[in-house]
Amino acid sequence: MPIYKPEEYLAVIERIKTKIAQKNIDLGPTVSEADIIAFESACNTRLPQAYRLFLLEVGDGWRDPAMGRISTGSIHRLAEIEHKDLSLPMTLTDGWVWEDEEDEERLSDESFEHKLGNQGVELMDEGCGMTYELITAGPCAGEVWSFSDVGVSPCCERQDFLGWFELWLDSDGDPDYFKDYVYKEDE
């Protein structure tokens, strides 16, 4: 599931709604345009169109049946996402494993800030320092990336929010987001 084009969004959203109903997934309520604008203003960003449409048309967050509430392993609700300045773009276009850096002295806060910008909107916290974030600024804006304590990478083939969420749906909540990902040094 690649990054969808804007003209595909409505069809993808309808397909996602059907899958959600078939799987009886309990989503949070949709949010208003005013709520989205307030979030964007607080975070100094513009949410990608695919994510905006999902929030407006499908819902905001989902309940993890194992936990009985919105929690780790579930999409965070927009109101629960940390309000941080997201204006500084992420400049990376491919994964970066800083743990592999030979000269750890070069890994300064400036290096991280330049490459990662303000990161993105945290969508899911998998625990153990691993999150999935929606990039809102830079060349990969609109994509979902994996962040961990050792590095960052895009998910398998490049995924926007709709592709990322649909992959989750199709895998019954246990997707392999990295099945097709090849780190540059592995090639």
- request: Give the stretch 119-153 a look and list any residue that's assigned to a loop (DSSP other than H, G, I, E, B) and hydrophobic (A, V, I, L, M, F, W, C), or say none.
  value: Cys128, Ala137, Cys140, Ala141, Val150
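Identify all residues within the stretch 46-57 that are open to solvent by less than 20 Å² (accessible area, probe 1.4 Å), under 22 Å from Asp170 (Cβ atoms) and either in a loop (DSSP other than H, G, I, E, B) or hydrophobic (A, V, I, L, M, F, W, C) (or both); write none if there are none.
Just the residues of the stretch 46-57 that are open to solvent by less than 20 Å² (accessible area, probe 1.4 Å), to begin with: 47, 50-52, 54-55.
Imposing the further condition that a residue be under 22 Å from Asp170 (Cβ atoms) reduces the set to 50-51, 54-55.
Within the stretch 46-57, Ala50, Phe54, Leu55 meet the criteria.
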message: Just to be sure before I move on: is Cys140 at pLDDT below 80, over 21 Å from Thr30 (Cα atoms) and surrounded by 14 or more Cβ atoms within 10 Å (Cβ to Cβ) in the structure I sent?
response: no
query: If you go through the stretch 1-45, how many residues are of a type outside the set (A, V, I, L, M, F, W, C), open to solvent by less than 50 Å² (accessible area, probe 1.4 Å) and assigned to a helix (DSSP H, G or I)?
result: 3
Selection within the stretch 13-37 - farther than 12 Å from Gly59 by Cα and charged (D, E, K, R): Glu14, Arg15, Lys19, Lys23, Glu33, Asp35
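The values are calculated or read from the model by the stated rules, or taken from the named source; none is laboratory data. Worth saying up front: this structure is predicted, and the values here are computed from it rather than measured. Using ideal geometry, Cβ is built from the backbone for each residue, glycine included, and neighbour counts are taken over all protein chains shown. Surface accessibility is based on the protein's heavy atoms, side chains included, excluding ligands, DNA and RNA. Shrake-Rupley method; radii C 1.70, N 1.55, O 1.52, S 1.80 Å.
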